[in-house]
Amino acid sequence: MTDQEGLYKKAYERERFARKETELILEKKTHELFTVNQDLEHRNNLLKRQQKSLVMTEKLAALGQLAAGTAHEINNPLAFVISNIRTLKRYFESYENLVDICRSGEEEASQLCDFFSRVDMDYLLNDSQLIFGEIQEGLERVRDITTNMKRFSRSQPGDREHCDVRDVIETALKLSKNVTKYHCVVVSEFLPTPQLYCNSNELVQVFLNLIINAAQAINDEGEIRIKSFTEDGRILVDVSDDGGGIDDAHLEKIFDPFFTAKPLGEGTGLGLSVSYGLI
């Protein structure tokens, strides 16, 4: 073997060894990347499940917070429906007497005039119309409350539809009415906006959290202002209140899960975090 052949063989062996080392390193790195990728995928799936869990937790918390007031909201229209039904029953007895007089066939005219004067028939007719209107309004209020609660509780993450942001906000206002109506004046201004393709019930949850937060920030009496409008092709919604506000030291934490500046037992600390995630 010549010296040149010996050098070639050594160079070849060095190259083969280097190539083998490189393949081993590449194989090791590939395995490490695969392991890291699997771990990241697992963590990502875990985060998604936790996010869904947090959304459901906040939704249940919001439903629980609204439940006490909802009973009162439903009881109000039911109370005057029941009262009006009793009044209508008395009126109906007068109508029955009137029918009996009309059927008697004896001195109908004088009996009718005397009867109309005695029971104030004009008042009965006018008041009956008002009662029917109140009953319809009361039952529609009960229907709206239960329908909104049902839709809010049953929404699924994948449910999407075209909707008007005004309708979404008004639904949130109806659900939060028992929280706001006793000490807050809600002033809303809805300017024309294009429709959104979105999960409308998730947006209801977002605005519901904002409205409840605003109401809870107002200690005695105050005002909540809501405005929707378009700017540079975007739909903007501004929610503001004249409550006490929040300390500057807490501003960086407001979207952190479970952070709350409220007293113990008055908040889950998930409202803004979940709202941010949904948006």
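Per-structure values
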| quantity | calculated |
| --- | --- |
| Selected residue (only one of 58, 134 is surrounded by 13 or more Cβ atoms within 10 Å (Cβ to Cβ), among the acidic types (Asp, Glu), at pLDDT below 75 and part of a helix (DSSP H, G or I)) | 58 |
| Selection count where residues are at pLDDT below 90 and crowded, with 17+ Cβ neighbours inside 10 Å, scope the range 223-252 | 1 |
| Residue list for the range 193-209, filter: outside any strand (DSSP E or B) and modelled with pLDDT of 90 or more | 193, 194, 195, 207 |
| Residue that is touching a helix residue (DSSP H, G or I) at 6+ places or on another chain (Cβ under 6 Å) and at pLDDT 85 or above, where the choices are 172, 214, 261 | 172 |
| Looking only at the range 175-192, and only at residues there that are in contact with a helix residue (DSSP H, G or I) (Cβ under 6 Å, 6 or more places away or on another chain) and either part of a helix (DSSP H, G or I) or acidic (Asp, Glu) (or both), the one that is modelled with the highest pLDDT | 180 |
| Filter result (hydrophobic (A, V, I, L, M, F, W, C), in contact (Cβ under 8 Å) with a residue 40 or more places away in the chain and surrounded by fewer than 17 Cβ atoms within 10 Å (Cβ to Cβ)) within the range 174-218 | none |
| Residue that is nearest to residue 196 (Cα to Cα), among those in the range 218-234 that are assigned to a strand (DSSP E or B) and small (Gly, Ala, Ser) | 228 |
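The values are calculated or read from the model by the stated rules, or taken from the named source; none is laboratory data. All of these numbers come straight from a predicted model, not from anything done at the bench. Please note: Cβ atoms are built from the backbone with ideal geometry, for glycine as well, and neighbour counts cover all protein chains shown.
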